[in-house]
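**Student:** Pasting in a structure now, in structure tokens, and then I'll have a few things to ask.
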Amino acid sequence: MRTQVVIIGSGPSGLLLGQLLHRAGIDTVVLERKSRDYVLSRVRAGVLEQGTVGLIEEAGVGARMRREGLVHDGFEIAFAGERHRVAITELTGGRSVMVYGQTEVTRDLMDGRDASGAPTVYEAEDVALHDFDGPSPRVTWRKDGVTHELVCDAIAGCDGYHGVSRASVPAGAIRTFERVYPFGWLGVLADVPPCAPELIYAAHDRGFALCSMRSTTRSRYYVQCPVDERIEDWSDDRFWDELRSRLGPEAAVAVTTGPSIEKSVAPLRSFVAEPMRFGRLFLAGDAAHIVPPTGAKGLNLAASDVRYLSDALIEHVRDGSEAALDRYSARALARVWKAERFSWWMTTMLHRFPEDEGFTARIKRAELDYLFSSRAALASLAENYVGLPY
């Protein structure tokens, strides 16, 4: 069998790439090692940059997002017992973000692919990438005990940090950069109204907290915790008490508690793999980079990769040009590193580290004090939060 592009992974980046290529008349096959239900069960981020919103609309699956997504013109940072608002729309000349869960983005993209008739193979076992250093790469996999093979023009590795795509690259051809943080986020999803109309990021002596939402009736809350924390040790009551202790009295009293419908601990890391192209294999999304979620950049960085890669593949098919493919890695990484910097800065400023005593603690407080005494500093924060241009 043959197709033009094989996409490894049916998360948002793989499905978005597939949808954009399909609308440009390019044949794709998506291979996913997990089941459809498993992919949709993953609870992930929910803050979309305007560029991401535009790409979803360009992919033809933005109708429900526009109906149900929540446009946010700002967010708050709480510290030293007070809440301070970052008016992102005012500070960026009219730009905003949209709160719409990654699970919902994935569902919309799956429905769009189903409607297009483009093939997706779920529960593809033993996926292997071959000959991507030449003009005719191949992908093999097993399904229901039968081995299949696809010859293609390009492979898009959109299968995440633990996927087969990056692991298939020879060790000497790739360089990785990593920072592992000494804490995680304990997250709770609950069908309760949010405690505020916008997100609240809280820096507290007991650790970081975040009040977020997925809709006007579903909230997503986080507290910083040891990375090896056991979920079993956190009852719902203990979580709500800890969250409220870090928010300050005004926000704490507005928290509506309820039974959790999902509870998990997510480790935090910064990670980049360079380059993002190896012959006819192109990495995108978490296969190439991870950011701590503090800056809300993970899904949005995956979308910007897809923007660059889809443009390059469409130009290659249309004109036979290699130029955009040759530029893909450098273009993507330039934006990746800026987002890595922003996410690292937000994480460092708002979280409590083991060494945060004396001088370091005072520096962090001075950073926050300066931020809200300088319009230029706030504008820089807002510009990065809404997303740097492609």
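The values are calculated or read from the model by the stated rules, or taken from the named source; none is laboratory data. These numbers come from a predicted model, not from an experiment. Please note: Cβ atoms are built from the backbone with ideal geometry, for glycine as well, and neighbour counts cover all protein chains shown.
**Student:** Hey, Ser212 hits all of (1) part of a loop (DSSP other than H, G, I, E, B); (2) under 18 Å from the mean Cα position of the chain (by Cα); (3) hydroxyl-bearing (Ser, Thr, Tyr) but one; which does it fall short on?
**Tutor:** Status for Ser212: all satisfied but (1).
**Student:** What is the one condition in (1) under 21 Å from Gly94 (Cα atoms); (2) at pLDDT 95 or above that Asp369 does not satisfy?
**Tutor:** Single failed check for Asp369: (1).
**Student:** Something else about it: Would you call Leu247 within 26 Å of the chain's Cα centre (by Cα), crowded, with 21+ Cβ neighbours inside 10 Å and farther than 20 Å from Arg44 by Cα? Please lay out each step first, then the result.
**Tutor:** Values: within 26 Å of the chain's Cα centre (by Cα): yes; crowded, with 21+ Cβ neighbours inside 10 Å: yes; farther than 20 Å from Arg44 by Cα: yes.
Spelling it out, Leu247 is indeed within 26 Å of the chain's Cα centre (by Cα), crowded, with 21+ Cβ neighbours inside 10 Å and farther than 20 Å from Arg44 by Cα.
**Student:** Only residues that are aliphatic (A, V, I, L, M), part of a helix (DSSP H, G or I) and surrounded by 18 or more Cβ atoms within 10 Å (Cβ to Cβ): list them for region 99-120, please.
**Tutor:** As a first pass, look at region 99-120 and keep what is aliphatic (A, V, I, L, M): 99, 105, 109-110, 115, 118.
The next check asks that each one be part of a helix (DSSP H, G or I); those that pass are 105, 109-110, 115.
Correct list: Val105, Leu109, Met110.
Table: residues versus (1) surrounded by fewer than 18 Cβ atoms within 10 Å (Cβ to Cβ); (2) farther than 30 Å from Asp73 by Cα; (3) modelled with pLDDT under 95.
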| site | (1), (2), (3) |
| --- | --- |
| Gly157 | no, yes, no |
| Thr176 | yes, yes, no |
| Pro197 | yes, no, no |
| Ala209 | no, no, no |
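**Student:** Tell me the residue from Arg269, Arg307 that is closer than 18 Å to Gly51 by Cβ, surrounded by fewer than 24 Cβ atoms within 10 Å (Cβ to Cβ) and at pLDDT 95 or above, please. Please lay out each step first, then the result.
**Tutor:** Details: Arg269 fails: closer than 18 Å to Gly51 by Cβ.
Going through Arg269, Arg307 in turn, the sole match is Arg307.
**Student:** Do you know which residues across region 328-355 are without any contact (Cβ under 8 Å) to a residue 60 or more places away in the chain and either polar (S, T, N, Q) or loosely packed, with under 15 Cβ neighbours inside 10 Å (or both)?
**Tutor:** If the condition is that a residue be without any contact (Cβ under 8 Å) to a residue 60 or more places away in the chain and either polar (S, T, N, Q) or loosely packed, with under 15 Cβ neighbours inside 10 Å (or both), then Ser329, Ala330, Ala334, Lys338, Arg341, Thr348, Glu355 are the ones that fit.
**Student:** With the checklist (1) in contact (Cβ under 8 Å) with a residue 60 or more places away in the chain; (2) surrounded by fewer than 21 Cβ atoms within 10 Å (Cβ to Cβ); (3) within 30 Å of Glu367 (Cα to Cα); (4) touching a strand residue (DSSP E or B) at 6+ places or on another chain (Cβ under 9 Å) in hand, flag the one item Val71 doesn't pass.
**Tutor:** The single condition Val71 does not satisfy is (1).
**Student:** Here's another thing I want to ask about it. In region 74-98, what count of residues is obtained for those that are basic (Lys, Arg) and part of a strand (DSSP E or B)? I'd like the intermediate steps shown before the answer.
**Tutor:** Filtering region 74-98 for residues basic (Lys, Arg) gives 83, 85, 95.
Remaining after also requiring part of a strand (DSSP E or B): 83, 85.
Here the count works out to 2.
**Student:** Can you pull out the residues in region 36-64 that are among the small types (Gly, Ala, Ser), modelled with pLDDT under 95 and more than 17 Å from Ser304 (Cα to Cα)?
**Tutor:** Ser41
**Student:** Looking at (1) touching a strand residue (DSSP E or B) at 6+ places or on another chain (Cβ under 9 Å); (2) part of a loop (DSSP other than H, G, I, E, B); (3) charged (D, E, K, R), which is the one condition that is false for Asp205?
**Tutor:** Among (1) touching a strand residue (DSSP E or B) at 6+ places or on another chain (Cβ under 9 Å); (2) part of a loop (DSSP other than H, G, I, E, B); (3) charged (D, E, K, R), the lone unmet condition for Asp205 is (1).
**Student:** Here is a further query. Would you call Glu32 of a type in the set (Asp, Glu) and crowded, with 21+ Cβ neighbours inside 10 Å? Before the answer, list the steps.
**Tutor:** Details: of a type in the set (Asp, Glu): yes; crowded, with 21+ Cβ neighbours inside 10 Å: yes.
For Glu32, the condition - of a type in the set (Asp, Glu) and crowded, with 21+ Cβ neighbours inside 10 Å - is met.
**Student:** Can I ask one more? Would you mention how many residues in region 121-173 are free of Cβ contacts under 8 Å to residues at least 40 places away in the same chain, of a type in the set (S, T, N, Q) and either assigned to a helix (DSSP H, G or I) or at positive phi (or both)?
**Tutor:** Going through region 121-173 one residue at a time, the tally reaches 0.
**Student:** Testing Thr256 on (1) in a loop (DSSP other than H, G, I, E, B); (2) within 19 Å of the chain's Cα centre (by Cα); (3) at pLDDT 95 or above; (4) of a type in the set (S, T, N, Q), one condition comes back false. Which one is that?
**Tutor:** Only one criterion is unmet by Thr256, namely (2).
**Student:** Of all residues in region 205-220 being basic (Lys, Arg) and in contact (Cβ under 8 Å) with a residue 60 or more places away in the chain, which is nearest to Ser245 (Cα to Cα)?
**Tutor:** Result: Arg206.
**Student:** Could you check region 281-309 and list, in sequence order, the residues that are under 11 Å from Ala45 (Cβ atoms), part of a helix (DSSP H, G or I) and of a type in the set (Gly, Ala, Ser)?
**Tutor:** Correct list: Gly295, Gly298, Ala302.
**Student:** Moving to a separate point now. What residue, of Ser41, Ser10, is out of contact with any strand residue (DSSP E or B) (no Cβ under 6 Å at 6 or more places or on another chain), among the hydroxyl-bearing types (Ser, Thr, Tyr) and either in contact (Cβ under 8 Å) with a residue 60 or more places away in the chain or under 28 Å from Thr216 (Cβ atoms) (or both)?
**Tutor:** Details: Ser10 fails: out of contact with any strand residue (DSSP E or B) (no Cβ under 6 Å at 6 or more places or on another chain).
Exactly one of Ser41, Ser10 is out of contact with any strand residue (DSSP E or B) (no Cβ under 6 Å at 6 or more places or on another chain), among the hydroxyl-bearing types (Ser, Thr, Tyr) and either in contact (Cβ under 8 Å) with a residue 60 or more places away in the chain or under 28 Å from Thr216 (Cβ atoms) (or both), namely Ser41.
**Student:** Among the listed residues Val227, Val223, identify the single one that is closer than 12 Å to Ser264 by Cα and surrounded by fewer than 21 Cβ atoms within 10 Å (Cβ to Cβ).
**Tutor:** Values: Val223 fails: surrounded by fewer than 21 Cβ atoms within 10 Å (Cβ to Cβ).
The match here is Val227.
**Student:** Same structure again: Could you pull out the residue among Val39, Val43 that is closer than 30 Å to Leu150 by Cβ and surrounded by fewer than 23 Cβ atoms within 10 Å (Cβ to Cβ)? Give the steps one after another, and end with the answer.
**Tutor:** Details: Val43 fails: closer than 30 Å to Leu150 by Cβ.
Unique residue meeting the criteria: Val39.
**Student:** Next question, about the same structure. Can you tell me which residue is surrounded by the most Cβ atoms within 10 Å (Cβ to Cβ) among those in region 230-243 that are within 21 Å of Arg83 (Cβ to Cβ) and in contact with a Cys (Cβ under 9 Å, 6 or more places away or on another chain)?
**Tutor:** Top of the filtered list is Leu243.
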